[in-house]
Amino acid sequence: MTRQTAKLFEALDELLDRERQALVAGELNVLADLMVRKETLMRDIGAAGVGEQAGLNRLRDKVNRNHALLNGALEGIRAVAGRMADLRQVRRGLETYDSSGRKTLFDTQARPRVEKRA
């Protein structure tokens, strides 16, 4: 492995560690920038034709670890979005069904109780 490719491996290794830190800390806004840098480093490593299997395996393991963390973060975001949709539905009103299966909506929104009189 040349000195240049070793630097690429080291840079990608550090970037993957930073990506993990961002995922664990919930700093999802940082991920877009890291993704661009990661793609560039991976492309450069591929262009260098590096055949260093042990280094590639270590980096692959880190990529897989971060991928699992990212999937967990996405599942959490989906769960929050679903919960927020449920709360919006409750805010609009309570839906129930009567004995014949007809849906009834009970309005739960507060209406102003001030009445104007002339």
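The values are calculated or read from the model by the stated rules, or taken from the named source; none is laboratory data. As the structure is a prediction and not an experimental result, all values here were calculated from the model. For neighbour counting, all protein chains shown are included, and Cβ atoms are generated from backbone atoms with ideal geometry for every residue, glycine included.
A few points about this structure:
- Within region 32-50, the set of residues being touching a residue at least 24 places away in the same chain (Cβ under 8 Å) and among the aliphatic types (A, V, I, L, M) comprises L41, M42, I45, A48, V50.
- Residue check for L31: assigned to a helix (DSSP H, G or I), modelled with pLDDT under 90 and more than 11 Å from L59 (Cα to Cα): no
- Meets criteria (part of a helix (DSSP H, G or I) and either at pLDDT below 90 or touching a strand residue (DSSP E or B) at 6+ places or on another chain (Cβ under 9 Å) (or both)) for A54: yes
- One residue from A25, A79 being at pLDDT 90 or above, among the small types (G, A, S) and surrounded by 10 or more Cβ atoms within 10 Å (Cβ to Cβ): A79
- Considering residues of region 51-71 that are in contact (Cβ under 8 Å) with a residue 12 or more places away in the chain and over 12 Å from E19 (Cα atoms) only, the residue farthest from the chain's Cα centre (by Cα): E52
- If only residues of region 38-51 that are surrounded by 15 or more Cβ atoms within 10 Å (Cβ to Cβ) and modelled with pLDDT of 85 or more are counted, the one that is farthest from D13 (Cα to Cα) is D44.
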